[in-house]
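Undergrad: I have a structure I would like to understand better, so I am pasting it below and will then ask my questions one at a time.
The values are calculated or read from the model by the stated rules, or taken from the named source; none is laboratory data. Remember, predicted model here, so these are calculated numbers, not experimental data. When we count neighbours, we look across all protein chains shown, and the Cβ atoms used for this are built from the backbone with ideal geometry, even at glycine. Just the protein is used for accessible areas: all its heavy atoms, side chains included, with ligands, DNA and RNA removed. Shrake-Rupley method; radii C 1.70, N 1.55, O 1.52, S 1.80 Å.
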Amino acid sequence: MKMVRCRICGETYLGSEIPSHCPFCGAHRDHLISAEEYPADINDVQLTEVERADLETSIELERSNTRFYLGMAQHKSEHVLSSTYKRLGKVEAEHCELFCELAGVDEPEDLSVPMEVSDDWCANIAESVEREKRAASLYHQFAARATNERIREVFSAVSAVEADHIELDGVTADYAGCEHA
Ligand SMILES: [Fe+2]
Ligand SMILES: [Fe+2]
């Protein structure tokens, strides 16, 4: 068995192989390190005004995306899709918690409250693509202007995760038989 810890979300994973992505936050394998290497003070950061504002924007964005996916997950009629989006909701909640920790604020109280969403899988998947594109591009921008190394590391890792979610939406859109835009 191997034990690794994710430098991005801080969660520990135990398995026979190191996974390609963190199972909790989706960070790519290069962010998975041995548990002994994980610095205890990794999230003790001094934020600039810009970094603080960018984290606040990100908390709000992840809160909304988490609740949107939990809303999609409530459709009981289609198990594969609902369980996929339930998983995605958990990943976005992990991002929200990480941003809250970096900003030194409490998690939003309604983070696990599902949003009312459409009954139409294809409409929801199309909205997911828009949400993921916005997140990937915002975090890319936030990473570029961050002066703190830790903040830059987190935003660039999470931007890559959101880009992976755009690809995932392509897979679920095919599964649901949606016409591609
Ligand atoms: Fe992680
Ligand atoms: Fe995402």
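Undergrad: T147: over 13 Å from the mean Cα position of the chain (by Cα), modelled with pLDDT of 95 or more, within 24 Å of H31 (Cα to Cα) and assigned to a helix (DSSP H, G or I), yes or no?
TA: Spelling it out, it is not the case that T147 is over 13 Å from the mean Cα position of the chain (by Cα), modelled with pLDDT of 95 or more, within 24 Å of H31 (Cα to Cα) and assigned to a helix (DSSP H, G or I).
Undergrad: What about E49, is it closer than 21 Å to W121 by Cα and either of a type outside the set (A, V, I, L, M, F, W, C) or touching a strand residue (DSSP E or B) at 6+ places or on another chain (Cβ under 9 Å) (or both)?
TA: For E49, the condition - closer than 21 Å to W121 by Cα and either of a type outside the set (A, V, I, L, M, F, W, C) or touching a strand residue (DSSP E or B) at 6+ places or on another chain (Cβ under 9 Å) (or both) - is not met.
Undergrad: I'd like to know if region 48-56 contains one or more residues that are buried (at least 20 other Cβ atoms within 10 Å of the Cβ) and within 16 Å of ligand 2 (Cβ to nearest atom).
TA: No, region 48-56 has no match at all.
Undergrad: Let me ask something else. Among all residue pairs at least 6 apart or on different chains, which show Cβ distances below 7 Å where the first residue, located in region 158-181, is open to solvent by 30 Å² or more (accessible area, probe 1.4 Å) and the second is basic (K, R)?
TA: What qualifies is I166/K133.
Undergrad: Can you go through H95, H75 and tell me which one is in contact (Cβ under 8 Å) with a residue 40 or more places away in the chain, surrounded by 16 or more Cβ atoms within 10 Å (Cβ to Cβ) and away from ligand 2 (no atom under 16 Å from the Cβ)?
TA: H75
Undergrad: Are there any strands (runs of 3 or more DSSP E) wholly within region 1-96 with 2 or more residues that are in contact with a helix residue (DSSP H, G or I) (Cβ under 8 Å, 6 or more places away or on another chain) and outside the structural domain of V113 (by TED's automatic domain parsing), and if so which?
TA: It comes to 2-6.
Undergrad: Let me ask something else about it. Considering only residues that are surrounded by fewer than 16 Cβ atoms within 10 Å (Cβ to Cβ) and assigned to a loop (DSSP other than H, G, I, E, B), which ones fall in region 116-126?
TA: Listed by number, the residues that qualify are E116, S118, D119, D120.
Undergrad: Right, another one. Looking only at region 97-108, how many residues end up being in a loop (DSSP other than H, G, I, E, B) and within 16 Å of ligand 1 (Cβ to nearest atom)?
TA: Residues in region 97-108 being in a loop (DSSP other than H, G, I, E, B) and within 16 Å of ligand 1 (Cβ to nearest atom): 0 in total.
Undergrad: In this structure, is D106 closer than 17 Å to I8 by Cα, more than 15 Å from the chain's Cα centre (by Cα) and loosely packed, with under 14 Cβ neighbours inside 10 Å?
TA: No.
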